[in-house]
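For reference, the structure is listed below as structure tokens.
Coordinate-derived values only; no laboratory data. This structure is a prediction, so every number in the text was calculated from the model and none was measured. Cβ placement follows ideal geometry from the backbone for every residue including glycine, while neighbour counts extend to all protein chains displayed.
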Amino acid sequence: MNAFEDLEHPYKSIVEASPNALVLVDADGSIIYLNKIAAELFQYSRHELTGEILETIIPICFRSSHPSKRQRFMQFEETRRMGMGRDLLALRKDGTEFPAEIGLHPLKIENSRFILASVIDITERKKIENDILLKNKRLAELAEKLHNTNIELENKNRDINQSIEYAHKIQHSILPDINEIQNRLSNFHIYFAPKDIIGGDFYWFYQNKNESYIAAIDCTGHSVPGAMISMIIYSLLNEIMLKNINSTTGEILNNLHKGLYEFLQQDKGEAYSQDGCDISLCKMNKEKMELQFSGARQDLYLCQNNSVSIIKATPNSIGGYSMIGKKEPERKFETHFIPTTPNMLIVMTTDGILDQLNERDEVFGHKQLTNLILGNYSLSVDEAVKHTHEVIDGWKQNASQQDDMMMMMFKCT
């Protein structure tokens, strides 16, 4: 191969210009030539490798089977990559192995056959690939963990929802029959829209001979906490009525506060629930056309002669400490004795409607409520219910509902 060693040989300039390590091997497997990059890659001088068999730069564990593979390649004489589908290793002078990508190219020079092997050190590529594989494995493990967590959460969420649905059945079962109320109170209708499946707003009704007691109640919070308080309030109201059948509305609220304060052990401080409710309570005697009202932070609205007036509630809630953080086991609520006139419209509402925002973050407020009441005055029960829904939904539109909402109306006839 003196001709190839000659600087003027046409192949030599091509081999030296290659960016890859190139090794030229004859038919017997002897290294005839290697470019500078190959010498640096294998850490040999060109003189050291020239004339050595190719297996010198192949790991020992692969040397015994390599000659036969090399001979088969010489028979087919086609350019191809080595090691398709498997990793290849090459051996440096210092005995270290490195992963390599090897391409084989058959050549004929002066009627002699040779193999030109291109060798690329892919150590960095394999490191990146291994890092990617490791990260993918970790991602797969995290994905599986997330999947299992999601399944667990779905199961828990299903159990919670089933419990809430059952709680809704229980809470719904304590609500008075609308038909019974309509038989007792003229033109009675109700708008009732809990924020969640269960809530803290509910209505209560009690009939004692000719006297009808009706209340709109807004318990602390909504959803599960509000619903739990609502069950306590419901039980306490019924207990009060059984023990104090002829009480005024103010006395009923006095006893309700005292009963809740004791039931929740609110005298023991913040470690115990300081929850309670706002309430508007009416007592109506249709025969005598007498109306009593007492409220705990919930006013009463009266509509007649195309105007709406407000009967102010006592500015204290049922239950909990006072507004200045003082213990109050007893709390007094004013009783209003209201003269009634035929067709006077009585309206009771919780604050969810008043506080509802629209898309411009404006509250519904007293002005909108007054217009709603005036608009309902001359309507039938069904028309009034429809009108109430249209007005509130039209105000809210795509804004989220902030709280439970409830409004009840009836007429003095």
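Taking trypsin sites (Lys or Arg not before Pro) as candidate sites, keep only those in a DSSP loop with at most 14 other Cβ atoms within 10 Å, then name the longest stretch of the chain containing none of them.
94-208
Count charges around LYS411 for me, please; just the other residues with Cβ under 13 Å from its Cβ, Lys/Arg as +1, Asp/Glu as -1.
With Lys, Arg at +1 and Asp, Glu at -1, the net is +2.
Exactly which GluC sites (Glu not before Pro) in the range 344-397 are in a DSSP loop and have at most 14 other Cβ atoms within 10 Å?
The qualifying sites are GLU359, GLU362.
Convex hull over the Cα atoms of the range 125-174, averaged projected area in nm²?
Mean orientational projected area (the range 125-174, Cα hull): 3.4 nm².
Length gain on complete extension for the stretch SER380 to ARG125, per 0.36 nm per residue less the alpha carbon to alpha carbon distance?
83.8 nm
Mean residue ellipticity at 222 nm from the helices of the chain, using -39,500 (n - 2.57) per DSSP H segment of n ≥ 4 over the full residue count, to the nearest 500 deg cm²/dmol?
Calculated from helices alone, the mean residue ellipticity at 222 nm is -12500 deg cm²/dmol.
Calculate the FRET efficiency for LEU107 and LEU139 from the Cβ-Cβ distance with a Förster distance of 45 Å, rounded to the nearest 0.05.
0.45
Using the Cα gyration tensor of the range 175-412, with a ≥ b ≥ c the square roots of its eigenvalues, what is the shape: rounded (a/c below 1.5), prolate (a/b larger than b/c) or oblate (neither)?
Verdict is oblate for the range 175-412.
Quote to one decimal, in nm, the extra length available between LYS332 and THR149 on full extension: 0.36 nm per residue of separation minus the C-alpha distance between them.
Result: 60.7 nm gained on full extension.
Check cross-link reach from LYS12 to the lysines: straight Cα distance under 26 Å, and skip same-chain residues fewer than eight apart.
Correct list for LYS12: LYS36, LYS93, LYS108.
For the residues HIS389, HIS257, HIS336, what sequence is obtained by ranking on other C-beta atoms within 10 Å, fewest first?
The order, fewest Cβ neighbours first, is HIS389, HIS336, HIS257.
Under a Cβ-only charge scheme (Lys and Arg +1, Asp and Glu -1), can you give me the dipole magnitude of the chain about the Cα centre, in debye to the nearest 20?
Using only the charged Cβ atoms, the result is roughly 400 debye.
Most fluctuating residue of ALA38, ALA140, ALA399 in a GNM of the chain with Cα springs under 10 Å: which is it?
Per the Cα network of the chain with a 10 Å cutoff, ALA38 tops the list.
Could you pull out the pairs from LYS195/LYS367; LYS243/LYS268; LYS258/LYS411; LYS195/LYS386 whose alpha carbons sit more than 25 Å apart here?
Where the Cα-Cα span goes over 25 Å, the pairs concerned are LYS243/LYS268; LYS258/LYS411.
Between ASN157 and SER400, what length in nm is gained on full extension when 0.36 nm per residue of separation is reduced by their alpha carbon distance?
Difference between extended and current length: 85.3 nm.
For the range 313-323, in order, what is each residue's ³J(HN,Hα) by Karplus, 6.51 cos²θ - 1.76 cosθ + 1.60 with θ = phi - 60°, in whole Hz (x at glycine and Pro)?
Residue by residue, the range 313-323 yields 7, 5, x, 9, 7, 8, x, x, 5, 6, 5 Hz.
When the chain is modelled as a GNM with alpha-carbon springs shorter than 10 Å, which of GLY276, GLY95, GLY295 fluctuates the most?
Of GLY276, GLY95, GLY295, the most mobile in the Gaussian network model is GLY95.
Hey, rough spin-label estimate for ALA271 and ILE310, points 7 angstrom out along Cα→Cβ, what's it come to in nanometres?
Taking the simple label geometry, ALA271 and ILE310 are separated by 4.1 nm.
If I model a spin label as a point 7 Å beyond the Cα along the Cα-Cβ vector, how far apart are those points for SER235 and ILE178 in nm?
Placing both labels 7 Å beyond Cα along the Cβ direction yields 2.8 nm.
Please go through the range 103-186 and write out the GluC sites (Glu not before Pro) that DSSP classes as loop and that have at most 11 other C-beta atoms within 10 Å.
Answer in residue order: GLU110.
Please list, in order along the range 59-65, the HN-Hα scalar couplings obtained from phi with the Karplus expression 6.51 cos²θ - 1.76 cosθ + 1.60 (θ = phi - 60°), rounded to whole Hz, x for Gly and Pro.
x, 3, 5, 9, 5, 5, 8
Can you tell me the dipole magnitude for the range 291-384 around its Cα centre, using point charges on the Cβ only (Lys, Arg +1; Asp, Glu -1), in Debye to the nearest 20?
With only Lys, Arg, Asp and Glu charged at Cβ, the dipole is about 480 debye.
What do you get for Rg/Rh of the chain when both radii come from the Cα atoms and Rh is the Kirkwood radius?
Computed over Cα atoms, the ratio is 1.56.
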